[in-house]
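Below you'll find the structure, written out as structure tokens, and then a few comments.
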Amino acid sequence: HDLGGRLRKLSLRVASGDAGLRLDKFLAARSGLSRGACRKAIAEGGVWLDGRRVLRLSRPVAAGESYALALETRPAEAPAEPRLLYEDRWLVALDKPAGLPTQGTPASAAANALAWAGRRCGVEIHSVHRLDAGTSGVLIAAKGAEAASRLAASFRSGEVEKLYLAAATGRLPGVEGTIDAPLRRSPTPGRWQVASAGGLPARTDWRRLAEGAGALLVAARPRTGRTHQIRVHLAHAGAPILGDRRYRGAPALPLPRGGSFVARRPLLHAARIALPHPEDGRPFQVEAPLPDDLAELVDALGWRDALAGA
């Protein structure tokens with residue numbers, strides 16, 4: 001993902017001589033990993049058979065079975081846990097830290113924001129939208145199937161208003177505008193790009209809040225919900241997000257008073273979401289404060305007052 005984590009995948013087929021071995025022993029014998037590492041991978045949900053996670057260490061393997069083992073190499077510093085912004089019987093709003101996936105990855109079913117919400121609230125949690133692993137800010141999740149259905153309908157119908165803040169480099173044409181550029185998957189795995197023909201409709205309204213030292217503070221309001229939409233659109237418009245190496249973002253920014261600011265992730269923050277509450281349709285809004293890294297840059301460049309224009 002965007003903080004430098006990489007996913008290593010192994011496919012291990014059970015030979016007739018391995019049949020009957022415990023799963024953890026089989027994986028250790030054939031993967032080159034320690035038995036402890038294999039037991040940890042099973043416990044975290046990183047072992048798969050026929051599209052399903054296998055969670056029983058002692059499961060006997062059978063000849064001809066093919067197990068997929070997913071191992072995620074995480075950054076040295078583990079991401080913080082989410083912070084609860086709001087909760088009622090219909091929904092929960094989290095302040096998701098950068099580096100934490102929204103939901104389970106092939107390597108782990110537990111280390112993600114929605115799993116944390118389920119443990120914290122003690123109820124079934126449903127995803128209604130996502131934030132990229134490297135993006136911080138407001139994440140809404142539903143409690144139960146009925147709330148999920150109503151919230152999902154609001155997202156589909158365009159009733160949800162989302163405000164993101166981004167630190168970027170380069171230039172944008174004017175003070176505000178709209179990027180209306182369809183997106184499609186890139187030939188490079190894990191990336192998206194603007195489509196010259198066809199593609200999925202994608203529209204982002206933007207406003208330049210501040211500029212200086214070769215950088216921009218941008219308020220972005222996506223009117224559609226495509227994967228990596230703001231990141232691809234800003235890069236396409238000439239202002240890639242600082243730290244977004246996947247989309248040509250600069251890794252660091254020289255500061256006016258000397259030194260430099262090093263961006264360890266794409267500096268994109270979901271600052272606010274407004275939507276009809278799933279209980280009765282009343283207006284509901286929740287905000288997440290600036291994360292430490294973006295706040296540090298904003299203060300270093302004297303942009304704090306510009307946030308009022310978002």
So how many residues does the stretch 236-253 have that are among the charged types (D, E, K, R), crowded, with 21+ Cβ neighbours inside 10 Å and under 12 Å from Arg264 (Cα atoms)? 1
Between residues in the stretch 35-46 that are without any contact (Cβ under 8 Å) to a residue 12 or more places away in the chain and residues that are assigned to a helix (DSSP H, G or I) and open to solvent by 50 Å² or more (accessible area, probe 1.4 Å), which pairs lie under 8 Å by C-beta distance while being six or more apart or on different chains? Arg35/Lys25
So in the stretch 84-128, with the set limited to residues that are β-branched (Val, Ile, Thr) and open to solvent by less than 20 Å² (accessible area, probe 1.4 Å), which one is modelled with the highest pLDDT? Val92
If I filter the stretch 268-275 for residues that are assigned to a loop (DSSP other than H, G, I, E, B), under 15 Å from the mean Cα position of the chain (by Cα), modelled with pLDDT of 95 or more and closer than 30 Å to Leu151 by Cβ, do I get at least one hit? no
Can you go through His233, His277 and tell me which one is crowded, with 17+ Cβ neighbours inside 10 Å and in contact with a Phe, Trp or Tyr (Cβ under 7 Å, 6 or more places away or on another chain)? His277
Condition broken by Phe155, with the remaining ones in (1) of a type outside the set (Gly, Ala, Ser); (2) open to solvent by 70 Å² or more (accessible area, probe 1.4 Å); (3) out of contact with any helix residue (DSSP H, G or I) (no Cβ under 7 Å at 6 or more places or on another chain) satisfied: (2)
Six or more apart or on different chains, Cβ atoms under 7 Å: show the pairs whose first residue is in the stretch 185-212 and farther than 30 Å from Leu301 by Cβ and modelled with pLDDT of 95 or more and whose second is open to solvent by 50 Å² or more (accessible area, probe 1.4 Å) and in a loop (DSSP other than H, G, I, E, B). Leu200/Arg226
Strands (runs of 3 or more DSSP E) within the stretch 165-238 that include 1 or more residues under 18 Å from Ile273 (Cβ atoms): 203-212, 215-222
Of all the residues that make up the stretch 291-304, how many are under 11 Å from Leu217 (Cβ atoms) and either assigned to a helix (DSSP H, G or I) or in contact with a helix residue (DSSP H, G or I) (Cβ under 9 Å, 6 or more places away or on another chain) (or both)? 5
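The values are calculated or read from the model by the stated rules, or taken from the named source; none is laboratory data. All of these numbers come straight from a predicted model, not from anything done at the bench. All Cβ positions, glycine included, derive from the backbone under ideal geometry; neighbour counts span all protein chains shown. These area figures cover heavy atoms from the full protein model, side chains too; ligands, DNA and RNA do not enter into them. Shrake-Rupley method; radii C 1.70, N 1.55, O 1.52, S 1.80 Å.
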